[in-house]
1. Scan the range 61-113 residue by residue and report those that are acidic (Asp, Glu) and closer than 22 Å to residue 154 by Cα.
2. Identify, from the list 70, 65, 111, the residue that is surrounded by 14 or more Cβ atoms within 10 Å (Cβ to Cβ) and touching a Gly at 6+ places or on another chain (Cβ under 6 Å).
3. Condition check: crowded, with 19+ Cβ neighbours inside 10 Å, in contact (Cβ under 8 Å) with a residue 60 or more places away in the chain and on the phi > 0 side of the Ramachandran plot. Does residue 14 satisfy that?
4. Within the range 91-108, how many residues are touching a strand residue (DSSP E or B) at 6+ places or on another chain (Cβ under 6 Å) and either of a type outside the set (Ser, Thr, Tyr) or surrounded by fewer than 17 Cβ atoms within 10 Å (Cβ to Cβ) (or both)?
5. For residues that are of a type in the set (Asp, Glu) and within 10 Å of the chain's Cα centre (by Cα), tally how many sit in the range 67-83.
6. Just give me the residues in the range 140-164 being within 15 Å of the chain's Cα centre (by Cα) and more than 23 Å from residue 84 (Cβ to Cβ), in sequence order.
7. Scan the range 35-50 and tell me whether some residue there is touching a helix residue (DSSP H, G or I) at 6+ places or on another chain (Cβ under 9 Å), on the phi < 0 side of the Ramachandran plot and crowded, with 19+ Cβ neighbours inside 10 Å.
Amino acid sequence: MRYHNITKDDMLNGEGLRVVLWVAGCSHHCKGCHNPFTWDPNGGIPFDAAAEAELFSVLSRDYISGITFSGGDPLYEGNRMGIERLARKVKLEFPDKNIWLYTGYRWEEISALPLMQYIDVLVDGKFVEDLKDTKLHWKGSFNQRIIDVQKSLKNSSLYLYHAE
C-alpha cells in the first residue's frame, strides 16, 4: 500500500478532531475530484513501519477522536488488505476511537467485505460534480451517503449516520 499524506488534527473528514491517512490508488476517476493526484496506485510513498508509527503516535493523543481513511480510495483493490490490517490494529489498540472511511464504492457493493467489521462510519459513492454542494457536511455531493456501518451490519439494513 502507498500513501500521500498523514494529516494531523483534521476537522473536515469526520466527526471530531482526527488523523487522516490519504492513500494512493483509485479507479473511479470522478470528474471534479479534489485529489486526482492520488489516483495513481504507484504514486506517493510506501506505507512503511515509520509511517505506521507516526499514524499511531497521533492516534494516541487524548484529543484525537479517531482515524479517517481517504485518498485515492482506501477500497481500491490494492489497498484493501493494508487498510483492513490497519483498521483491525486501531480497534485493538484504541477501542474508544472511531474509524471513518471514504470510498467511491456503494455500500451495496462492499458491505460484505470483512474490513467493514472495523469501520464505524462509511461515506460511500462516487463524487458527482453536478451534485456538488460545498455546504454539505462530510461529503462532497448529494448522492453520497454517510452510513452508520455497525448499526447497518447488525440490523442487515442501511442506517444513515447522525452525529450525536
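1. First, the residues of the range 61-113 that are acidic (Asp, Glu): 62, 73, 77, 84, 93, 96, 108-109.
Across the range 61-113, the qualifying residues are 84, 96, 108, 109.
2. Numbers: 70 fails: touching a Gly at 6+ places or on another chain (Cβ under 6 Å); 111 fails: touching a Gly at 6+ places or on another chain (Cβ under 6 Å).
The unique qualifying residue is 65.
3. Details: crowded, with 19+ Cβ neighbours inside 10 Å: yes; in contact (Cβ under 8 Å) with a residue 60 or more places away in the chain: yes; on the phi > 0 side of the Ramachandran plot: yes.
Against the criterion (crowded, with 19+ Cβ neighbours inside 10 Å, in contact (Cβ under 8 Å) with a residue 60 or more places away in the chain and on the phi > 0 side of the Ramachandran plot), residue 14 qualifies.
4. 7
5. Within the range 67-83, the subset of a type in the set (Asp, Glu) is 73, 77.
Then keep just the ones that are within 10 Å of the chain's Cα centre (by Cα); that gives 73.
Matching residues across the range 67-83 total 1.
6. Within the range 140-164, 140 is the sole residue that qualifies.
7. First, pick out the residues of the range 35-50 that are touching a helix residue (DSSP H, G or I) at 6+ places or on another chain (Cβ under 9 Å): 43-45, 47.
Narrowing further to those that are on the phi < 0 side of the Ramachandran plot: 43, 45, 47.
Checking which are crowded, with 19+ Cβ neighbours inside 10 Å leaves us with 47.
Yes, because at least one residue in the range 35-50 is touching a helix residue (DSSP H, G or I) at 6+ places or on another chain (Cβ under 9 Å), on the phi < 0 side of the Ramachandran plot and crowded, with 19+ Cβ neighbours inside 10 Å.
Results for (1) outside any loop (DSSP other than H, G, I, E, B); (2) modelled with pLDDT under 95; (3) under 19 Å from residue 139 (Cβ atoms); (4) in contact with a Gly (Cβ under 6 Å, 6 or more places away or on another chain), shown as yes or no for each residue.
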{"position": "4", "(1), (2), (3), (4)": "yes, no, no, yes"}
{"position": "7", "(1), (2), (3), (4)": "yes, no, yes, no"}
{"position": "12", "(1), (2), (3), (4)": "no, yes, yes, no"}
{"position": "16", "(1), (2), (3), (4)": "no, no, yes, no"}
{"position": "19", "(1), (2), (3), (4)": "yes, no, no, no"}
{"position": "28", "(1), (2), (3), (4)": "no, no, yes, yes"}
{"position": "33", "(1), (2), (3), (4)": "no, yes, yes, no"}
{"position": "40", "(1), (2), (3), (4)": "no, no, no, no"}
{"position": "43", "(1), (2), (3), (4)": "no, no, no, no"}
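The values are calculated or read from the model by the stated rules, or taken from the named source; none is laboratory data. For clarity, every value in this text was computed on a predicted model and none was experimentally measured. All Cβ positions, glycine included, derive from the backbone under ideal geometry; neighbour counts span all protein chains shown.
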